[in-house]
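Before I ask anything, here is the structure I am working with.
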Amino acid sequence: MTRYWCAHFALLVGLALAPAALAEEAEDLAADAVFVGDGDLVDEAGNVKPALLEEVDARVEPAQFTSGIGSGVGASLGLTDRCGCQIFFGAEYLSVRAGFSDATAFLEESLPTVGSPEIIYRQHNFDYGDSYRLYGGYRVPDCGCDVTFAYTNIDTGGSFASGPQPADGSRLFTAPFEVVTFGADDEITGTASVEINNYDLGIARAIPLGSPLGVGCGCGVSACGCWCPAWDVVWTGGIRFADVGSQLAYASTINSSSTPGLERTGLSSVDFQGVGLRTGLIGRRYFGKQGIASLFVRGDFSLLLGDVEYVATGSNFTRHSITTTQVVPVTEMEAGGTVFLTNRASISAGYMLAVWHDLGHRAMYDFGATTVQLEGMDDANMMTLDGWFIRGEVAF
């Protein structure tokens, strides 16, 4: 119904204003002695030539296109389709790497024959993984407002290998959950994975700033009484549902002995499902008289309430688990640029950062213990994300 009334309202406004706008443009052009093509402005009977009408129409045709909250670009008061409502769709490719504030892969104890011994904490290293986001929504340009639904899938992981233990015993390897080596050529390996599924429903409201970039941008001053800002700030708000899972896995390969059963494994996992509110701001600077290119910075903050389940287990390790209901803060930032390929299509690219607070792996170890290695659970660990993105958007 909203689209029905919006479309009819725009049609009535257009019918009421178009003749006056065209007449005013024609008078201005005639007063300035503007010539169209090779002919005069009017024919012998004093009627405005069609070529002039085409020129006037071109001057009020939309040239700038707004973009929705799903794309992170932000809407402005530059309008399209003579203030008509729109349906828009977008797709985004993400190359994202995860990390944890504490994710020990293994300890490397160096025992040189000369010099002091050293213990090095090796960390899990994540690779950039292929991820994506899909979004779509409804846009009401005359109030600078978008309603958007977005789905985001982030999938990334990594692996490590300690290398074989030297035969001279100059280096020893120890991993969490009592995964250890025993002799020459023994090795510790492991994998890590993070998968995030976000579902966002939100709105965006634009606040134009600065002076107009120039006549002819947007849908034109005479058509809708609007103008294109040199700057704008977009407020976004909405609801997010998140499903997050991560795992750190460990295993030992024993080559120093033929005795079966010496290999060990360990696993640390975090699972979270929560829902909550999300809000943020987008600041954008437009370039060119028609604002076809821009740079933007975006910041978002979410508070998600849900259940966090943490499990630590292993072949030689007593299973430990904890389930809590808690609020998980999420901080996200991105910066990049946008170019409008047409007044209905744009492409953006940039860099993003995100932090999921209190959603890291909790286990605290005493690697020297021979019985119970786990000392406690630390809920202050963070999961981080960083990477590049490229997105495209079209509107109808």
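Filter region 108-142 down to the residues that are among the aliphatic types (A, V, I, L, M) and open to solvent by 50 Å² or more (accessible area, probe 1.4 Å) and list them by number.
The initial filter retains those residues of region 108-142 that are among the aliphatic types (A, V, I, L, M), namely 111, 114, 119-120, 134, 140.
L111, V114, I119, L134 - these are the residues of region 108-142 that are among the aliphatic types (A, V, I, L, M) and open to solvent by 50 Å² or more (accessible area, probe 1.4 Å).
State yes or no: is F160 within 30 Å of E118 (Cβ to Cβ), in a strand (DSSP E or B) and out of contact with any Cys (no Cβ under 6 Å at 6 or more places or on another chain)?
On the way: within 30 Å of E118 (Cβ to Cβ): yes; in a strand (DSSP E or B): yes; out of contact with any Cys (no Cβ under 6 Å at 6 or more places or on another chain): yes.
When the stated conditions are applied, F160 passes them.
Further question: Would you mention how many residues in region 166-189 are open to solvent by less than 10 Å² (accessible area, probe 1.4 Å) and part of a strand (DSSP E or B)?
Matching residues across region 166-189 total 4.
S268 is checked against (1) buried (at least 20 other Cβ atoms within 10 Å of the Cβ); (2) touching a His at 6+ places or on another chain (Cβ under 6 Å); (3) without any contact (Cβ under 8 Å) to a residue 60 or more places away in the chain; (4) not β-branched (V, I, T) and fails just one. What number does that condition carry?
(3)
Quick check on my filter: what residues within region 222-242 are at pLDDT 90 or above and surrounded by 15 or more Cβ atoms within 10 Å (Cβ to Cβ)?
Passing the criteria: V233, V234, W235, T236, G238, R240, F241, A242.
Given (1) closer than 21 Å to V179 by Cα; (2) out of contact with any Ser or Thr (no Cβ under 6 Å at 6 or more places or on another chain); (3) free of Cβ contacts under 8 Å to residues at least 24 places away in the same chain; (4) among the hydroxyl-bearing types (S, T, Y), where does S116 come up short, assuming only one miss?
(1)
Does region 281-304 contain at least one residue that is outside any loop (DSSP other than H, G, I, E, B), under 30 Å from T189 (Cα atoms) and touching a residue at least 24 places away in the same chain (Cβ under 8 Å)?
Taking region 281-304 as the starting set, the residues that turn out to be outside any loop (DSSP other than H, G, I, E, B) are 281-287, 293-304.
Retained after the next criterion (residues that are under 30 Å from T189 (Cα atoms)): none.
Checked region 281-304: no residue is outside any loop (DSSP other than H, G, I, E, B), under 30 Å from T189 (Cα atoms) and touching a residue at least 24 places away in the same chain (Cβ under 8 Å).
If D146 satisfies all but one of (1) part of a loop (DSSP other than H, G, I, E, B); (2) crowded, with 22+ Cβ neighbours inside 10 Å, what's the number of the condition it fails?
Condition (1) is where D146 drops out.
Pull out all pairs, ordered by first then second residue, where Cβ-Cβ is under 9 Å, the residues are six or more apart or on different chains, the first lies in region 197-219 and is more than 28 Å from R240 (Cβ to Cβ) and in a strand (DSSP E or B), and the second is modelled with pLDDT of 55 or more and among the acidic types (D, E).
Between residues of region 197-219 that are more than 28 Å from R240 (Cβ to Cβ) and in a strand (DSSP E or B) and residues that are modelled with pLDDT of 55 or more and among the acidic types (D, E), the close pairs are G210/D232.
M364 versus (1) aliphatic (A, V, I, L, M); (2) within 30 Å of I120 (Cβ to Cβ); (3) modelled with pLDDT of 90 or more; (4) in a strand (DSSP E or B): which is the lone unmet condition?
(3)
Is there any pair with a first residue in region 89-107 that is farther than 26 Å from T174 by Cα and open to solvent by 50 Å² or more (accessible area, probe 1.4 Å) and a second that is at pLDDT 95 or above and of a type in the set (S, T, N, Q) whose Cβ atoms are under 8 Å apart and which are 6 or more apart or on different chains, and what are they?
Y93/S131
Follow-up question, since we're still on this one. For G70, indicate whether it is at pLDDT 90 or above and either aromatic (F, W, Y) or not in a loop (DSSP other than H, G, I, E, B) (or both). Explain how you work it out, then say what you get.
On the way: at pLDDT 90 or above: no; either aromatic (F, W, Y) or not in a loop (DSSP other than H, G, I, E, B) (or both): yes.
Answer is no for this residue.
The values are calculated or read from the model by the stated rules, or taken from the named source; none is laboratory data. Quick caveat: nothing in here was measured; it's all calculated off a predicted structure. Neighbour counts run over all protein chains shown; Cβ positions are idealised from the backbone, glycine included. Accessible surface areas use protein heavy atoms only, side chains included; no ligands, DNA or RNA. Shrake-Rupley method; radii C 1.70, N 1.55, O 1.52, S 1.80 Å.
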